[in-house]
Amino acid sequence: MGKSTKGLYSSRVKNSLSLYILLAPAIILLLIFTYIPMSGLVIAFKDYTPSSGIFGSPWVGFKHFSQFFSSYQFGVTIRNTLKISIYSIVVGFPLPIALAILCNQIRVEKFKKFFQVTTYLPHFISTMVMCGMLILFLSPNNGLIVNFLGLFGIDIPALLSQPASFASVYVWSDVWQHVGWDSIIFLAALSAIDPTYYEAATMDGASKLQKIRHIDLPLILPTAMILLILRAGGLLSVGFEKVLLLQNPLNLAGSEIISTYVYKVGLINFQYSYSTAIGLFNTVVNVIILIMVNSLSRRLTKTGLF
């Protein structure tokens with residue numbers, strides 16, 4: 001029995017050898033750039049100096065974690081990171097679903113394609129260009145939006161100079177840029193729905209809203225839950241580049257997040273062990289949240305990553 005199983009396994013490997021060879025470069029790159037560098041996490045528990053090296057630096061245990069937990073920046077960075085991240089999920093998660101359902105209801109094919117292209121295009125704007133546009137548009141002196149609203153006698157504050165408004169600027173600009181692109185996967189899920197469901201609902205006299213409520217939403221729920229789990233798993237991993245580029249001394253109280261703080265203490269102030277400890281804490285919390293949300297999803301919707 002064991003020999004037959006071994007022979008069957010060898011036969012399957014031999015038949016799929018070309019696929020394994022095709023997969024090999026990706027696995028090698030993953031090992032080199034993802035798993036092997038994880039050995040460097042040990043410096044979070046050491047007082048690392050480049051001259052002593054990773055293994056020559058003295059052990060300090062949880063000193064750097066304690067230092068972060070007791071620092072003033074701990075509360076600030078956690079609060080700002082959670083605020084932006086939760087705000088992004090609350091606003092940015094349901095809107096692509098709504099956009100996909102709206103697009104799915106369009107019956108004129110040419111207009112549907114035009115609608116899709118116009119909503120996808122902002123996704124291809126680079127982060128640096130996007131931030132430059134925001135700074136130019138929201139400039140309190142000569143910004144495009146400020147001048148346009150000024151024609152109607154509407155005055156808006158300097159949004160990028162106020163800590164309280166930073167999260168809104170970040171989230172809504174991010175929604176505008178990515179809502180179309182994020183709706184693609186929901187459009188794919190909607191296109192996979194069996195048309196006979198709609199035909200049966202039409203025969204029963206269901207309206208469009210009833211079809212959306214009882215057919216579209218329940219059948220794309222598994223896809224939506226998987227994406228929600230993935231987003232929840234990155235709750236403390238807010239986009240670093242965009243926040244850093246929009247940051248200034250005036251809005252720092254509302255824009256300093258974990259990733260920008262790690263960048264400053266690690267690469268600017270050369271506190272390598274301290275920044276690694278913060279990054280490790282961030283990753284561990286994300287993994288715990290991912291497992292919790294996945295478990296909750298399993299119980300409520302029978303859908304999960306694992």
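Report, ordered by chain and residue number, the aspartates and glutamates lying within cross-link reach of residue 242, taken as a straight Cα distance under 19 Å and ignoring same-chain residues fewer than 8 apart.
Excluding near neighbours in sequence, the set is 174, 182, 256.
Select from segment 104-154 those trypsin sites (Lys or Arg not before Pro) which occupy a DSSP coil region and have at most 12 other Cβ atoms within 10 Å, ordered by residue number.
107
Most mobile of 22, 160, 187 per a Gaussian network model of the chain (Cα springs, under 10 Å)?
With Cα springs under 10 Å in the chain, the top fluctuation among 22, 160, 187 is at 22.
Between residue 126 and residue 295, what's the calculated FRET efficiency when r is the beta-carbon distance and R0 is 30 Å? Round to 0.05.
So the FRET efficiency works out to roughly 0.20.
About the Cα centre of the chain, what is the dipole size in debye to 20, counting +1 per Lys and Arg Cβ and -1 per Asp and Glu Cβ, all else neutral?
Using only the charged Cβ atoms, the result is roughly 940 debye.
Which chymotrypsin sites (Phe, Trp or Tyr not before Pro) in segment 243-286 sit in a loop by DSSP (not H, G, I, E or B) and have at most 12 other Cβ atoms within 10 Å of their own Cβ?
For chymotrypsin sites (Phe, Trp or Tyr not before Pro) across segment 243-286 that sit outside H, G, I, E and B with at most 12 neighbouring Cβ atoms in 10 Å, the list reads 270.
If you find the alpha carbon centre of segment 221-297 and of segment 104-156, how far apart are they in angstrom?
27 Å
Helix-derived [θ] at 222 nm for the chain: sum -39500 (n - 2.57) over DSSP H runs of at least 4, divide by residue count, nearest 500?
Only helices count here, giving -20500 deg cm²/dmol.
What percentages make up the Cα-Cα pair-distance distribution of segment 103-168 when the bins are 5 Å wide from 0?
3, 15, 15, 16, 13, 13, 13, 9, 3
Hey, got a sec? Which chymotrypsin sites (Phe, Trp or Tyr not before Pro) in segment 1-94 land in a DSSP loop and have at most 13 other Cβ atoms within 10 Å?
62
How many percent of all Cα-Cα pairs in the chain sit more than 34 Å apart?
Here the long-distance tail beyond 34 Å is 44 percent of all Cα pairs in the chain.
So if we plug the beta-carbon distance of residue 12 and residue 32 into 1/(1 + (r/R0)^6) with R0 = 22 Å, what FRET efficiency do we get, rounded to 0.05?
Result of the calculation: an efficiency of 0.20.
Holding the Cα-Cα limit at 24 Å, pick out from 83/264; 113/208; 110/208; 63/264; 113/302; 112/211 the pairs that are longer than that.
113/302, as the Cα separations exceed 24 Å there.
Could you give the length gained on full extension between residue 155 and residue 217, defined as 0.36 nm per residue of separation minus the Cα-Cα distance, in nm?
Separation in residues times 0.36 nm, less the Cα-Cα distance, equals 18.3 nm.
What share of Cα pairs, in percent, lie more than 12 angstrom apart in segment 27-84?
Result: 74 percent of Cα pairs exceed 12 Å.
Give the long-range amide H neighbours of residue 46: residues separated by 5 or more places, or on another chain, with amide H under 5 Å away, using H modelled in the peptide plane at 1.01 Å from N.
Hits under the 5 Å cutoff: 60.
Name the residue, out of 49, 276, 81, whose mean-square fluctuation peaks in a Gaussian network model built on the chain with Cα pairs under 10 Å.
49
With all protein chains present, how much of the accessible area of segment 166-218 (probe radius 1.4 Å) comes from carbon and sulfur, to the nearest whole percent?
63 percent
Using +1 at the Cβ of each Lys and Arg and -1 at the Cβ of each Asp and Glu in segment 65-301, identify which of 297, 268, 176 lies farthest towards the dipole's positive end.
297
The values are calculated or read from the model by the stated rules, or taken from the named source; none is laboratory data. Keep in mind that what you see is a predicted model, and the values were worked out from it rather than measured. We place every Cβ from the backbone using ideal geometry, glycine too, and count neighbours over all the protein chains shown. The area values use the complete protein model at the heavy-atom level, side chains included, leaving out ligands, DNA and RNA. Shrake-Rupley method; radii C 1.70, N 1.55, O 1.52, S 1.80 Å.
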